[in-house]
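Undergrad: The structure under discussion is supplied below as structure tokens; questions concerning it will follow.
The values are calculated or read from the model by the stated rules, or taken from the named source; none is laboratory data. These numbers were taken from a predicted model, which means no experiment stands behind them. Cβ atoms come from the backbone with ideal geometry, glycine included; neighbour counts cover every protein chain shown.
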Amino acid sequence: MDFASLDLPEPVMQGIREAGFVTATPIQEAALPLALRGKDVAGQSQTGTGKTAAFLIAAFTRMLRTSAPPVAPGTGAPRMLVIAPTRELTVQIESDARLLGRFTPFRTLAVYGGIDYGKQREALAAGCDLLVGTPGRLIDYLKQRVWTTRRIEVLVIDEADRMFDMGFIADLRFILRRLPPPEKRQSYLFSATLSFRVLELTWEFMNNPSQITIMPQQKTAERVEQSLFHVGRDEKFPLLLGLMRREGGDRILIFSNTREEARRLEDRLTRNGYETRALTGDVDQKRRLKILNDFKEGRLPVLVATDVASRGLHIEAVSHVINWDLPQDAEDYVHRIGRTARAGAGGKAIGLVDEASALNLEAIEKFIGQKIAVEWADDDLFQAEIKPTAEERRRYSEERRARLAARDRFGDRGGRRGGGRDHGRGGPEHGRGGGERPRHDHPSAAPPPPQSPPPPREGGPSAGRRRRRGGRRRSGGGGPRPEPPPA
């Protein structure tokens, strides 16, 4: 389907041409005709298929063709609200909205944790037409009456299934219950899976939505060339160096299961001549955005990441995705390798399967419905590693201890709730500190204050024994029984 056949407003068509879109993807072809007629849409489609462009085109068209109600000055009153589970996805949607809405009069604003709280507050109070945000930051500003939901005429819930996975459902319902009634707005919900939990949201907060499911014949992107190597843990890094030398990709994305392993890979790859950065949940937001921007623009050839980068990020021309660790969740494998071969391009996904990762392989192959081709490495594919000096080992050990100490110190401010993700108002991504009160059963919490020793019992040990025989044991160790309070 050609976009020109949809009778879209000229400012929207100019944005589509500026973005380089010519024909619609399957999810766009199915959703846009319904959305342009004013229907609510609940869509299921795999990552990287153009869901963001679908709801932005429909929303901009509606907003251009309807007049907005007046708003009091000094209060943010957006006409469109997009709720996303992660900061990275929020930034991506904001970028796409600015591109597609470049020729429209609408102002776009994104709010999320990790960025200056006051500046975001001022920008939101100044007003915007399209507001994109994570649930925690949206609720903060909503409770402070920095913005109002009265004028919302378009609602978008993106990556709805991940909202549940990350524990955002209570926050999401808090926002949705304060919106205009479903029949007075248009709503779009997009998700990689339309599970029963997700469908409950559509029944409760949408107006008889049309359900669209675009299921490919295979769950992984068709143009991804998948392979794996069985390798011992001690030989993984020499094999990784040999593969990177052999493949020579422009942008290589390496996934690790843990933050510390990602840090260690960054250190080892940098020492061996590869400009590398690690993207993990505890990286400062400004630094995280700079790393992503450098990788997108080709200034950073190698990015090591945890699953914080596995969903919602559209990065052009990622030539290789390498799974240093196979993920424990089979669905995460699909999202990881979906970072390459996007928008019709090709790409390679290589897995390094050691003794621990091998336990996850069967579940992954069952989930994707295919066997992953196994390659066997020749001896000349293993490249010798440049080992760290004693000083480098000492420095890395000190940095690691400092990171772990900082994580323990602030672990109660969201660490138990999601390991560094933007988990609502009390997490570390919130940007203001604060959060849950420490619990004494948590290792990072402060110990309870010492109690003073009990006073000595009167009458010696025999008195204590007599009291125990009498069946009456008094806390405090003895002494006269206190007088009962007056009636």
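Undergrad: Would you check which residues across the stretch 20-54 are touching an Asp or Glu at 6+ places or on another chain (Cβ under 8 Å) and at pLDDT below 90 and list them?
TA: Val22, Thr23, Ala24, Lys51
Undergrad: In addition: How many residues are free of Cβ contacts under 8 Å to residues at least 60 places away in the same chain, under 24 Å from the mean Cα position of the chain (by Cα) and part of a helix (DSSP H, G or I) when one looks only at the stretch 345-395?
TA: 3
Undergrad: Working carefully through the options Val22, Val12, Val91, Val41, find the one that is touching a Phe, Trp or Tyr at 6+ places or on another chain (Cβ under 8 Å) and surrounded by fewer than 16 Cβ atoms within 10 Å (Cβ to Cβ).
TA: Working: Val12 fails: surrounded by fewer than 16 Cβ atoms within 10 Å (Cβ to Cβ); Val91 fails: surrounded by fewer than 16 Cβ atoms within 10 Å (Cβ to Cβ); Val41 fails: surrounded by fewer than 16 Cβ atoms within 10 Å (Cβ to Cβ).
Just one listed residue meets the conditions, Val22.
Undergrad: On to the next question. Please verify whether Asp40 is assigned by TED's automatic domain parsing to the domain that holds Leu179 and either of a type in the set (Lys, Arg) or within 30 Å of Arg223 (Cα to Cα) (or both), treating the condition exactly as stated.
TA: Against the criterion (assigned by TED's automatic domain parsing to the domain that holds Leu179 and either of a type in the set (Lys, Arg) or within 30 Å of Arg223 (Cα to Cα) (or both)), Asp40 does not qualify.
Undergrad: Quick one: count up the residues across the stretch 275-297 that are surrounded by fewer than 17 Cβ atoms within 10 Å (Cβ to Cβ) and closer than 22 Å to Gly242 by Cα.
TA: Let us first name the residues in the stretch 275-297 that are surrounded by fewer than 17 Cβ atoms within 10 Å (Cβ to Cβ), namely 275, 284, 286-287, 289-290, 293-294, 297.
Now drop any that are not closer than 22 Å to Gly242 by Cα, which leaves 275.
Adding up the residues that qualify gives 1.
Undergrad: Cβ-Cβ below 7 Å, separation at least six or inter-chain, first residue in the stretch 96-107 and in contact (Cβ under 8 Å) with a residue 24 or more places away in the chain, second surrounded by fewer than 20 Cβ atoms within 10 Å (Cβ to Cβ) and acidic (Asp, Glu): which pairs?
TA: Within 7 Å, the pairs are Leu99/Glu18; Arg102/Glu18.
Undergrad: Could you figure out which of (1) modelled with pLDDT of 90 or more; (2) surrounded by fewer than 21 Cβ atoms within 10 Å (Cβ to Cβ) isn't true of Gly351?
TA: Looking at each condition in turn, Gly351 falls short on (2).
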